[in-house]
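J.: Please see the structure below; I have some questions.
The values are calculated or read from the model by the stated rules, or taken from the named source; none is laboratory data. Here the structure is a predicted model, which means the values were calculated and not measured. Glycine gets a Cβ as well: all are built from the backbone with ideal geometry, and neighbour counts include every protein chain shown.
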Amino acid sequence: MGDELSHVDERGQVRMVDVGDKKPMRRRAVAEGCFCAAEKTLNLLEAGDLPKGEALAAARLAGIMAAKRCDELIPLCHPLALDAANVEFERTAPDRLRITATVSIAARTGVEMEALTAVSMAALTLWDMAKAVDKDLRIEGIRLVEKSKESAM
């Protein structure tokens, strides 16, 4: 069967993929998603005036921490010592804030899950920080935007 999944063994059991024979490469992944809220809520968020405090700083840290601990959250992810993880925010409309996470490493496996997890956790943290002032929050469009790899040496 040439269509076997890499996370499934010959008996159909899930497993962690063995990447030991793969050559380490420089890898980078970028993910994004949108946090949607009322314009007034995003104004408060950007000014640092939400009742729970400075939401963007908290969300940035939560996203970075989540990327670093992805293997503890997603069962088959490899534990990785990331070279860099960054979370950025950009207001793209009165009611939309784009969250972008960029993660990089020199390793045998990619960092897509780490970037996606960073965006997800940053968005959830914003939700937690804003829920007291806005009951119509939404998180939308979390997706992988880019992934790349190149020789590490």
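J.: Working only within region 78-95, note down all residues that are assigned to a strand (DSSP E or B) and farther than 30 Å from Arg15 by Cβ.
T.: The answer is Asn86, Val87, Glu88, Phe89, Glu90, Arg91, Thr92, Ala93.
J.: Give the residues of region 1-40 that are under 24 Å from Arg143 (Cα atoms) and of a type in the set (S, T, N, Q), sorted by residue number.
T.: Ser6 - this is the single residue of region 1-40 that is under 24 Å from Arg143 (Cα atoms) and of a type in the set (S, T, N, Q).
J.: When you look at Ala101, is it surrounded by fewer than 21 Cβ atoms within 10 Å (Cβ to Cβ), among the small types (Gly, Ala, Ser) and in contact with a helix residue (DSSP H, G or I) (Cβ under 7 Å, 6 or more places away or on another chain), yes or no?
T.: no
J.: So, one more: Just to be sure I understand the filter: pairs with C-beta atoms under 7 Å, separated by 6 or more residues or on different chains, first member in region 13-31 and at negative phi, second member at pLDDT below 85 and not in a strand (DSSP E or B). Which pairs pass?
T.: Matching pairs, first to second residue: Val14/His7; Arg15/His7; Arg15/Asp9; Val17/Ser6; Val17/His7; Pro24/Ala152; Met25/Ala152; Arg26/Ala152.
Residue-wise test of (1) modelled with pLDDT of 95 or more; (2) outside any helix (DSSP H, G or I); (3) more than 29 Å from Arg15 (Cα to Cα).
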position	(1), (2), (3)
Arg28	yes, yes, no
Ala31	yes, yes, no
Phe35	yes, yes, yes
Leu42	yes, no, yes
Ala57	yes, no, yes
Leu61	yes, no, yes
Ile64	yes, no, no
Leu76	no, yes, no
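J.: Considering region 19-54 alone, what residues qualify as being surrounded by 19 or more Cβ atoms within 10 Å (Cβ to Cβ) and over 14 Å from Arg91 (Cα atoms)?
T.: Of everything in region 19-54, those that are surrounded by 19 or more Cβ atoms within 10 Å (Cβ to Cβ) and over 14 Å from Arg91 (Cα atoms) turn out to be Arg27, Arg28, Ala29, Val30, Ala31, Leu50.
J.: Scanning region 104-118 for residues that are surrounded by fewer than 20 Cβ atoms within 10 Å (Cβ to Cβ) and of a type in the set (Gly, Ala, Ser), which turns out nearest to Gly33 (Cα to Cα)?
T.: Ser104
J.: Consider region 96-136. How many of its residues are more than 12 Å from the chain's Cα centre (by Cα) and assigned to a loop (DSSP other than H, G, I, E, B)?
T.: Going through region 96-136 one residue at a time, the tally reaches 9.
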